[in-house]
1. Taking the condition outside the structural domain of VAL301 (by TED's automatic domain parsing) and closer than 29 Å to ALA456 by Cα, does ALA184 pass?
2. Scan the range 269-290 for residues that are of a type in the set (S, T, N, Q) and under 22 Å from PRO311 (Cβ atoms) and jot them down.
3. So which residues in the range 1-50 are part of a loop (DSSP other than H, G, I, E, B) and hydroxyl-bearing (Ser, Thr, Tyr)?
4. Pick from ALA68, ALA89, ALA77: which is assigned to a helix (DSSP H, G or I), in contact with a Phe, Trp or Tyr (Cβ under 7 Å, 6 or more places away or on another chain) and either at pLDDT 95 or above or in the same structural domain as VAL267 (by TED's automatic domain parsing) (or both)?
5. Please pick out the residue among GLU408, GLU438 that is more than 30 Å from LYS466 (Cβ to Cβ) and over 28 Å from the mean Cα position of the chain (by Cα).
6. Looking at (1) closer than 30 Å to TYR250 by Cα; (2) touching a residue at least 40 places away in the same chain (Cβ under 8 Å), which is the one condition that is false for ILE542?
7. Just for the range 340-357: of the residues that are in contact (Cβ under 8 Å) with a residue 60 or more places away in the chain and under 20 Å from THR260 (Cα atoms), which one is surrounded by the fewest Cβ atoms within 10 Å (Cβ to Cβ)?
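The values are calculated or read from the model by the stated rules, or taken from the named source; none is laboratory data. Predicted model only: the values in this text are computed from it and were never measured. All Cβ positions, even for glycine, are placed from backbone atoms using ideal geometry, and neighbour counts span all protein chains on display.
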Amino acid sequence: MKKSKRIETLDKRPVNMDGYINEWPEMGFVAMASPYDPKPSIKVENGKIIELDGKKREDFDFIDQFIADYAIHTGRAEKSMTVPSLDIARMIVDIHVSRKEILEIVSGITPAKMVEVMNHLNVVELMMGMQKMRARRMPGNQAHITNLKDDPVQIAADAAEGALRGFAEEETTMGVARYAPLSAIALLIGSQVGRPGILTQCSAEEATELELGIRGLTTYAETLSVYGTEKVFIDGDDTPYSKAFLNSAYASRGLKVRFTSGSGSEVLMGNSEKKSMLYLECRCLYATKGAGSQGIQNGSVSCIGVPGAVPGGIREVMSENLVAALLGLECASSNDQSFSNSDMRRTARTMLQFLPGTDFIFSGYAGEPNYDNMFAGSNFDAEDFDDYNVLQRDMQVDGGLRPVTEEEVIHVRQKAGKAVQAVFRQLGLSPISDEQVEAVTYAHGSKDTLPRDVTADLMAAEDVLKRGITGIDVVKALAESGYQDLAEHVLSMLKQRVAGDYMQTAAILDRDFHVLSGVNTPNDYMGPGTGYRVEGERWEEIKKIPHIINPQDI
């Protein structure tokens, strides 16, 4: 058969390199409405839920029981459940119904009822809902700061540049887990060079991550994973109760905590129980709320290839983000995994969060080239900074970033490298040469940096743990090395642990260490002319992109 050159050309397009599958409910490959999803129902006796979404209490699994006991307002439940799902959906997009009113109604509905509500909303309506329902008035952004070599000098430099560019939070992880203490110290120092008040975390196994946090080397955690079926939870060696306990362990030491969930994980682990991805994700979100976490990293996250493969999958991703906001949780809305070979498709997926704004549009924009991203590559990376800034300017949207100059970038990268060099020297850790600092100052990624002594670094990382080095030791080392300003910035971050205000929902810090959260700066959108607007000083900042014609210079 003679072939069409048009079809031959289209077949070679990047979008056709992605994987797709039609609905297969029996295996969980269905985005938002499985024929096996339960019907909404609730019964309350003496303040206790005895029936939840068609199950009697004696038939509850531990997720059902946890949700029934801790995640649903029993005093509101029966009244809220009588409100038609379509009416709740319409309230979400109605500018005359406030966020507070909707949160109150939703506090009494079940996961299956929430799924019904979401299925009444198209993508534009979901975005309208997010614009009103996100917790914090102003959107924000978070960066991944990692590299192939686990080089702490590069981590410090990239963290400084990321903070300068506007990220409010930065997280790192390692190719070799034992590097965690050095990575955490480098991230802590570098972030405060770029802009005071940046929250940082080091993603490691939970015991190490908790220890680093208790020592004051990190300020938040977000890898407390929850799942939508009991079997998958057990396979992860966890229950909702153990996650609630771990959440308390972090919070009791002044660490902001964000859980992690994402549609598709149960499909990947072979135990979806024939339910839709959205229904299972709603169970995750209700468990998160019941555990007392202030927020969630969700939007399929590293499982994005699964919903991305089925019809309506990206609509489901936006739905689960909105459900998080409807439950009063901070929403870090993923975009942190490169799920498609198509630049057009990746950008379209991100616009669902970029345009309405979420508490964190990315739960990990790659602050380095994606070849250095140890979280498996983000939807946008360091090579997209200028594109992202132009998108903000094109649409007058605040995506959490700002244009910078080459001089600013070089300055903060060099200062971060030298500061980490001085702290490592002061603390007797592995040496950092002037040549290594110079290389990371001008580097794009690890291909441009010098090798490190891996054995010395690993011994130093182990030494940090053995000697009990803490954030206070970092403060002292900075002060004794002449970096008084950075010492004060890191000390101010440690003081936040005592106050505890930054553990409030959707909290970030400004450069003066003032907390901005869903509590003291709540989202007040009620239609045109209300809520957060990109104007004034922030609009002037967004407009100052590089490579621009200035009429005054003509």
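1. Details: outside the structural domain of VAL301 (by TED's automatic domain parsing): yes; closer than 29 Å to ALA456 by Cα: yes.
Spelling it out, ALA184 is indeed outside the structural domain of VAL301 (by TED's automatic domain parsing) and closer than 29 Å to ALA456 by Cα.
2. From the range 269-290, those of a type in the set (S, T, N, Q) are 271-272, 276, 288; that's our starting set.
Selection gives SER272, SER276.
3. To start, the set of residues in the range 1-50 that are part of a loop (DSSP other than H, G, I, E, B) comprises 1-4, 12-13, 18-23, 28, 30-41, 46-47.
Answer for the range 1-50, where residues must be part of a loop (DSSP other than H, G, I, E, B) and hydroxyl-bearing (Ser, Thr, Tyr): SER4, TYR20, SER34, TYR36, SER41.
4. Details: ALA89 fails: in contact with a Phe, Trp or Tyr (Cβ under 7 Å, 6 or more places away or on another chain); ALA77 fails: in contact with a Phe, Trp or Tyr (Cβ under 7 Å, 6 or more places away or on another chain).
That would be ALA68, the only listed residue that is assigned to a helix (DSSP H, G or I), in contact with a Phe, Trp or Tyr (Cβ under 7 Å, 6 or more places away or on another chain) and either at pLDDT 95 or above or in the same structural domain as VAL267 (by TED's automatic domain parsing) (or both).
5. On the way: GLU408 fails: over 28 Å from the mean Cα position of the chain (by Cα).
On inspection, the qualifying residue turns out to be GLU438.
6. (1)
7. Going through the range 340-357, the residues in contact (Cβ under 8 Å) with a residue 60 or more places away in the chain turn out to be 340-345, 352-353, 355-357.
Still in the running and under 20 Å from THR260 (Cα atoms): 352-353, 357.
Numbers: LEU352: 25, GLN353: 27, GLY357: 27.
It comes out as LEU352.
Every residue, every condition in (1) assigned by TED's automatic domain parsing to the domain that holds TYR502; (2) farther than 18 Å from VAL115 by Cβ; (3) surrounded by fewer than 22 Cβ atoms within 10 Å (Cβ to Cβ); (4) of a type in the set (Gly, Ala, Ser), yes or no:
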position: VAL267; (1), (2), (3), (4): no, no, no, no
position: GLU273; (1), (2), (3), (4): no, no, yes, no
position: THR288; (1), (2), (3), (4): no, no, no, no
position: GLY299; (1), (2), (3), (4): no, no, no, yes
position: VAL310; (1), (2), (3), (4): no, no, no, no
